[in-house]
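See below for the structure under consideration.
Computed from the coordinates by the stated procedures, all read-outs in this text should not be read as laboratory data. Remember, predicted model here, so these are calculated numbers, not experimental data. Here the Cβ is made from the backbone with ideal geometry for all residues, glycine too, and neighbour counts use every protein chain on show.
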Amino acid sequence: MKKSFLIFLKIFVTVLVMSFLYQKIREDKSGFLTAFKLFQDNLIIIGAVILLMPFNWFMEVLKWKFSIKPITEISLHKASIGVLAGIALGFVTPHAVGDYFAKVFSLTHHDRKKALGLILVSRLLQMLPTAIFGLLALYIYSNENLSKYDIPISLTYPILSILGLILLGLFIALFFKRNHPKIQDYILPVRQMGWKLVSILAGLSILRYLIFSTQFLLLLSVLGLKISLFMQFMGVAFMFLAKSILPTFNFLSDLGIREFSVALFFESLSEDVAPVIAAGLILWLINIALPAFIGLFFIPKLKLKSI
C-alpha cells in the first residue's frame with residue numbers, strides 16, 4: 001500500500017511538473033524562441049559553459065577515487081570509467097540507481113559490497129552545499145510568496161531547518177556506529193574514512209556545486225534578467241534543493257524537474273520564465289545528455305562478471 005502511494009505521488013508530481021512547463025512555454029512561445037536566438041548569438045558563453053562541463057564531472061571522478069580509498073586504490077582512468085558509465089546508466093534508471101550500479105561494477109568483485117556505504121557517504125556530502133544554499137533559497141522563495149498573502153514568517157524558519165539538518169547528521173552518525181552483522185560490510189569502510197578524507201570529499205562537493213552554478217549563471221547572463229546576481233544564484237540553489245527532495249520519476253536524468261523548480265523561483269520574482277526554461281534545457285543538454293552519450297562507450301568496460 002505504501003509503495004503504491006509513493007508511485008502515485010511520483011506520477012502526480014511528474015505530471016504536474018511537465019504540465020507547468022508546457023503551459024509556461026505555450027504562454028510565451030516567442031520568449032522561449034527568442035532565448036534560443038540569444039544563445040545562438042552568444043556562442044562564446046555557450047563555449048565557456050561547455051568548457052566547464054569536463055571540470056564539473058572531473059570533480060565527481062575525484063570524489064569517486066577518494067571515496068573508495070578505504071578499501072582500494074583506483075586510477076583516474078578507472079574512476080572515470082565508473083563515473084561516465086554511471087552517467088549513462090543513471091540517465092535512464094529510476095533515482096539514478098544506474099550510477100551506483102556502474103560505480104560498483106567498475107571495481108573488482110570482492111570490493112563491491114564494501115563500496116555501497118562509501119558511495120552513500122559521497123552522495124550525502126554532495127547534499128551539504130545543496131542543503132546550505134537551498135534552505136536559504138527556500139526561505140527567500142517562501143518570504144516572497146507568503147508575504148503576498150499576509151502570512152507572517154520569521155527567522156525561526158531557517159533556524160529550525162538548520163536544527164533539522166543537525167539532527168539528520170546525528171541520526172546518520174548513529175546509524176554508521178551500529179554493529180549489526182548484516183551491515184558491517186557497508187559500515188566498516190565508512191568508519192575508516194577519517195575526517196581528512198571526509199573534508200576532501202566535502203570540498204570537492206562544494207567545488208562541483210559552484211562549477212554547475214557558474215554554468216547556469218553564465219547562461220542566465222545572456223537573458224538580461226533584471227534581478228541581482230545573488231538572487232540568480234539563489235534560483236539555482238532552489239533548483240538543486242527541489243531536484244533533491246521532490247518525489248518524481250528520474251526521467252532522462254531529471255529532465256523537467258530542474259526547469260520546473262528554477263522557473264518557479266524566477267516567476268516569484270516577476271521574471272519571464274520561458275527564457276529561464278530554455279537556459280535549463282541547454283544546460284541539461286551540455287551537462288547531462290552529452291556526458292551520458294559519451295558514457296555509453298564506457299559501459300562495456302564494466303566488470304559485470306564475478307572475479
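Rounded to 0.05, the FRET efficiency of the K226 and L296 pair, given R0 = 30 Å and the Cβ-Cβ distance, is 0.15. For the stretch 85-90, 3J(HN,Hα) computed residue by residue from phi via the Karplus equation (6.51, -1.76, 1.60; θ = phi - 60°) reads 5, x, 4, 5, 6, x Hz, glycine and proline entered as x. Taking 7 Å steps out from each Cα toward its Cβ at K29 and L16 produces label points 2.8 nm apart.
With 24 Å as the limit, the listed pairs K243/K301; K196/K243; K63/K114; K114/K243; K69/K243 have K243/K301; K196/K243; K114/K243; K69/K243 beyond it between alpha carbons.
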